[in-house]
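S.K.: First, the structure itself, so that you have it in front of you.
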Amino acid sequence: MQTKIYQIDENSIKSAVKLFLSSDVVAFPTETVYGLGAVATDSTAVKKIYEIKGRPADNPLIAHVHKDYDLTKLVYIEQDYVEKLKKAFTPGPLTMVFRSKGVVCSEAVCGGQTLAVRIPSHTGCQNLLKAIDMPIVAPSANLSKHTSPVTAEHVYNDLNGKIQIILDGGKCSGGIESTVLDCTEKTPRILRAGLITKEMIEQVVGSCEIAKHLESDKVRSPGVKYKHYRPKCQTALYAETDIESVIKRYEAEQGLGKRAYIMCADYLKENFNGKNLLLLGNSQEQIASNLYDKLLEGEKKADIIIAIAMPDEKNVNLGIMNRMRKSCE
Ligand code: TXA
Ligand code: MG
């Protein structure tokens, strides 16, 4: 099978809907990363996702719906703060976990009692979800453990020959996966950090917890325990306060004949004149947006990526550091 890439438009959406309705999978853009989708109620199709990605069978999937979809068809919304969160952050990079009504197939939720739901804001993705008008479960469209794709070409590089079509909606603006928020209890709790931050959620609903596993304790969001996001080359991670060690490491690696690249924020670049760089931008949003793109560019041209960490774990930096540690440590 030769995988085809089509611009996401009315025609390609029609083809995608046909594939979905014949128990097949389709890769599509969202504002965070590209997803590999299947109809959430179709266990044959959902099994294909796990097979194609080589995804562990105990890591549940997110159901994606369009903005006018009635979530109560799928889940019990039990907390008052949900309406406020929905109003403030959807459509957008926020995934909310609720008690499931058991409509989606058990393969999609790995037999669990909860369902993660997300309403993406990417226009092409909204059009696709409107056209199918059913929940589409979709993990990131990469092989399990590899860096998540933020362009159609990234998807192609991982999945060529394994899927029929990729809908191309340009480079994802968000760049890291959605915030996963447990909305089953009195206080919402972040299970995976992302662009909708603890600080933003607190502004809207007063309080927001961060799951212990994000501070390396109990695992509530199963995906977080697996090795993830790794580029194919070697990697290393240094603190922003350790520029001297970065330069030493770079020179040592180059001395061994290895192609070393330093991955850092633009404001650090004057420390590394004349060296190979993968520049991430300046603001937290730019850095999130470029992180996977630069890791995937780096794996093509570097033997080792020497990454420089964010100065703290506040706001979007929490999500960036969660990915950087997994991909670069
Ligand atoms: O931005 C995103 O969320 C992207 C795009 C495609 O929408 N999707 C994505 O899916 O990142 P995936 O499968 O790569 O990550 C889903 C995360 C995993 O950490 C998984 O454990 C968690 O969401 N998750 C899914 N269902 C859950 C549930 N019922 N309870 C707790 N965590 C859940
Ligand atoms: Mg993923």
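The values are calculated or read from the model by the stated rules, or taken from the named source; none is laboratory data. Everything numeric in this text was worked out from a predicted model, so none of it was measured. Heads up, the Cβs are rebuilt from the backbone with ideal geometry, glycines too, and the neighbour counts pull from every protein chain shown.
S.K.: Are there any pairs with C-beta distances below 6 angstrom linking a residue in region 289-304 that is modelled with pLDDT of 95 or more to a residue that is of a type in the set (Asp, Glu) and surrounded by 19 or more Cβ atoms within 10 Å (Cβ to Cβ), with the two at least 6 apart or on different chains, and if so which?
M.R.: As it stands, the answer is 304/253, since those pairs meet every condition given.
S.K.: Filtering region 27-60 down to residues that are buried (at least 18 other Cβ atoms within 10 Å of the Cβ) and of a type in the set (Asp, Glu), which residue is nearest to residue 94 (Cα to Cα)?
M.R.: That would be 31.
S.K.: Is one or more of the residues making up region 44-60 closer than 25 Å to residue 199 by Cβ, modelled with pLDDT of 95 or more and touching a strand residue (DSSP E or B) at 6+ places or on another chain (Cβ under 8 Å)?
M.R.: no
S.K.: Another question, then. Any residue at all in region 40-63 that is without any contact (Cβ under 8 Å) to a residue 12 or more places away in the chain, of a type in the set (Lys, Arg) and assigned to a helix (DSSP H, G or I)?
M.R.: No, region 40-63 contains no residue that is without any contact (Cβ under 8 Å) to a residue 12 or more places away in the chain, of a type in the set (Lys, Arg) and assigned to a helix (DSSP H, G or I).
S.K.: Does region 257-266 contain at least one residue that is assigned to a helix (DSSP H, G or I) and surrounded by fewer than 20 Cβ atoms within 10 Å (Cβ to Cβ)?
M.R.: Yes, because at least one residue in region 257-266 is assigned to a helix (DSSP H, G or I) and surrounded by fewer than 20 Cβ atoms within 10 Å (Cβ to Cβ).
S.K.: Can you tell me which residue is farthest from the chain's Cα centre (by Cα) among those in region 300-320 that are buried (at least 20 other Cβ atoms within 10 Å of the Cβ) and assigned to a helix (DSSP H, G or I)?
M.R.: Top of the filtered list is 318.
S.K.: Looking at (1) among the small types (Gly, Ala, Ser); (2) in contact with a helix residue (DSSP H, G or I) (Cβ under 8 Å, 6 or more places away or on another chain); (3) more than 24 Å from residue 90 (Cβ to Cβ), which is the one condition that is false for residue 173?
M.R.: Checking residue 173 against (1) among the small types (Gly, Ala, Ser); (2) in contact with a helix residue (DSSP H, G or I) (Cβ under 8 Å, 6 or more places away or on another chain); (3) more than 24 Å from residue 90 (Cβ to Cβ), the one that fails is (3).
S.K.: Additional query: Restricting to region 1-44, and then to whatever is within 13 Å of ligand 1 (Cβ to nearest atom) and of a type in the set (A, V, I, L, M), can you tell me which residue is nearest to residue 296 (Cα to Cα)?
M.R.: Among those residues, the one meeting the criterion is 33.
S.K.: Separate question: How many of the residues in region 267-285 are surrounded by 14 or more Cβ atoms within 10 Å (Cβ to Cβ) and among the charged types (D, E, K, R)?
M.R.: 2
S.K.: Could you pull out every one of the helices (runs of 4 or more DSSP H) wholly within region 75-170 that has 3 or more residues that are more than 12 Å from ligand 1 (Cβ to nearest atom) and not β-branched (Val, Ile, Thr)?
M.R.: Counting at least 3 such residues, we get 81-89, 123-132, 152-159.
S.K.: Going through 252, 288 one at a time, which residue ends up being assigned to a helix (DSSP H, G or I), of a type outside the set (Phe, Trp, Tyr) and loosely packed, with under 14 Cβ neighbours inside 10 Å?
M.R.: Going through 252, 288 in turn, the sole match is 252.
S.K.: Further question: Select from region 61-87 the residues that are of a type in the set (Ser, Thr, Tyr) and surrounded by 17 or more Cβ atoms within 10 Å (Cβ to Cβ) and write down the one among them that is nearest to residue 116 (Cα to Cα).
M.R.: Only one residue tops the list, namely 69.
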